[in-house]
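Here the structure comes first, spelled out in structure tokens, and everything after it is commentary.
The values are calculated or read from the model by the stated rules, or taken from the named source; none is laboratory data. All values reported here derive from a predicted model rather than from experimental measurement. Here Cβ is always computed from backbone atoms with ideal geometry, including for glycine, and neighbour counts include all displayed protein chains.
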Amino acid sequence: MASSDTPPGYPRITPSSPIRDFGPGRMDYERCAALHNELLTRVVKAKGGSMPPAPPSWWEARAPPPEVADALHPSLIEFLKRAWDEDVLLKPLFFFIGALKFPEGFFEDDVRYSFGLVDEPGRFLKLYQAAGFRMGDDEGLLFDQKSMKASFVEDYNDTKYITSHEWSWMPLEVILDSYLQMIDEGKVTAIPATLPELRRDFTVGVVEPWMIHQYTKTDLERATTAFKRLIHAIESRVENQKKDKPIALLDLPWHDPAIYNKDILPSFSFAHEFLTAISACKVSFRYIAPGIRFPTTPEFNNQPITDFVTSPHRNLGQFPGNCPLRLFQVDTDTDTETAGELVGPCDYHNGIHNITPGFYINPVVERWPLFWSNGCRLFLPFGIGRQGWARFSNGQPLGLRDGDLDFEEARLYDDPGALYQAGITNGITNAHLVVIDKVLNNWAERVEGGDWEVDGDGVRGGIEKFREADTEEHWEKYWIPPSW
């Protein structure tokens, strides 16, 4: 329970109860323990149980030997003395993480964590075991005793890269609070009684007692609100341009849900729900971002995958929604020779040769072990990143390949499909594309703030405007802060 001097909402992270900074080399162990205990309480209740009146702390239950205790930072020890032990549970604490490790397990992979940092043994430890949602190559939640920050690492093959950089590391309380947010919003819920049927549903992830959903009602509301915010920001400026001239409002190409292709847009998908929610919107302009416009009806119908019977792609077109959906069209004057250079990078991202530049929901339907069908990607007709300014959400330079441990010595590359994405890991969940509302809200901010100009046809500037994302002056305007 929060004391009288703690802000409203504590221990949750809210505008009225923000992250507290205790200075270098210290963690907010009281808040972290309170959030851990809240997660534990929720999962016990989800299983129909209740917490004992005085649950033992991890420190009391595990009694770490002196050689382990001496290797732990004092702040981390204080956390472990307050975090309740999970023996009452015997199930994963959350969909992505299991219990706090046993004392002998904290440093069992120290050699792997110290790759590139061999002069700092004991700096990294595995605080929480992975819950095993992938059933192979799982790592877990790591803790850095130097920065006093944590990061969830999905795949242990990425560990040496992640522990060699500061990207994707954050206060432990941010990660634990994010897991509670996911429960609050219904992204992760307790499994119902129909577990056998759920195990046959490849669109649902199950790690008892939790299940994770492709999207939520909140996801749909956020995306719809962000789209309407962007439309309003542009439309109000278009009206100022046209003043007393009559304005003709046009239907969008997805205005009639009755004619949606059910193979591309199955009714249970986020994309179907999102387009239905905005189907009544009418606009008087074409360009929703520089060089990015609403498609014509023929363009919208001409999607990358339309053959779901004899699809030539091994991993696409195999079931309804197993495809990208091009939502917005990109105008480009790129010549054929230059466009041919993009085949490799586009294959890397989408698995399709010569994919048309555009703004995509990809794929329309995810399948285990991926669980974010509201993810999106912008494919530019050129790459960015080589100048070294553009950044993934986790802070990683856009042009740096995942395997390059030494940023100072690495060669940077241009990438046409990496803008707005999270990076090698977001530090909280498994890897997934940036969710669509974040990009649409970023675009609305560019219009509202005057970074992008508007004329009678919508947002001006042409697709070349996006080259600003790799410049010292403008890169932050194209950067989306990290989140789950």
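Observations on the model:
- Index of the failed condition, residue 452 passing every other in (1) at pLDDT below 95; (2) within 17 Å of residue 289 (Cα to Cα); (3) of a type outside the set (Lys, Arg): (1)
- When we screen 422, 444 for residues that are outside any loop (DSSP other than H, G, I, E, B) and either in the same structural domain as residue 377 (by TED's automatic domain parsing) or surrounded by fewer than 23 Cβ atoms within 10 Å (Cβ to Cβ) (or both), the only hit is 444.
- Among residues of segment 265-283 that are more than 26 Å from residue 316 (Cβ to Cβ), those with a Cβ under 9 angstrom from a residue that is in a strand (DSSP E or B) and among the small types (Gly, Ala, Ser), sequence gap 6+ or separate chain, pair up as 283/458.
- Applying a threshold of 8 Å to beta carbon distances and a minimum spacing of six or more residues, or different chains, the list of pairs starting in segment 469-484 at a residue that is buried (at least 18 other Cβ atoms within 10 Å of the Cβ) and ending at one that is of a type in the set (Lys, Arg) reads 469/477; 470/386; 475/391; 479/391; 480/438.
- Those helices (runs of 4 or more DSSP H) lying entirely in segment 1-74 with at least 1 residues out of contact with any Pro (no Cβ under 7 Å at 6 or more places or on another chain) and of a type in the set (Phe, Trp, Tyr): 29-46, 58-62
- Residue 318 meets all of the listed conditions (1) under 23 Å from residue 459 (Cβ atoms); (2) more than 24 Å from the chain's Cα centre (by Cα) but one, namely (1).
- Hits in segment 132-151 (condition: of a type in the set (Phe, Trp, Tyr) and modelled with pLDDT of 95 or more): 143
- Number of the condition not met by residue 450 [criteria: (1) more than 24 Å from residue 375 (Cα to Cα); (2) in contact (Cβ under 8 Å) with a residue 24 or more places away in the chain]: (2)
- For the condition out of contact with any Leu (no Cβ under 7 Å at 6 or more places or on another chain), more than 30 Å from residue 158 (Cβ to Cβ), modelled with pLDDT of 95 or more and of a type outside the set (S, T, N, Q), residue 78 does not qualify.
- Among residues of segment 208-228, those that are at pLDDT 95 or above, in contact with an Asp or Glu (Cβ under 7 Å, 6 or more places away or on another chain) and either farther than 10 Å from residue 186 by Cβ or buried (at least 22 other Cβ atoms within 10 Å of the Cβ) (or both), counted: 4
- Close pairs (6 angstrom Cβ cut-off, 6 or more residues apart or separate chains): closer than 28 Å to residue 130 by Cβ in segment 205-230, in a helix (DSSP H, G or I) and modelled with pLDDT under 95 anywhere: 206/198; 209/46
- Subset of segment 71-108 that is within 12 Å of residue 145 (Cβ to Cβ) and without any contact (Cβ under 8 Å) to a residue 24 or more places away in the chain - its residue that is surrounded by the fewest Cβ atoms within 10 Å (Cβ to Cβ): 74
- Residue under evaluation residue 277, criteria (1) touching an Asp or Glu at 6+ places or on another chain (Cβ under 8 Å); (2) modelled with pLDDT of 95 or more, criterion not met: (1)
- When 391, 386, 401 are checked against the criterion of being under 22 Å from residue 165 (Cα atoms), crowded, with 17+ Cβ neighbours inside 10 Å, of a type in the set (Lys, Arg) and outside the structural domain of residue 166 (by TED's automatic domain parsing), 391 stands alone in meeting it.
- Condition met for residue 381 (touching a Leu at 6+ places or on another chain (Cβ under 9 Å), under 20 Å from residue 291 (Cβ atoms) and in the same structural domain as residue 278 (by TED's automatic domain parsing)): yes
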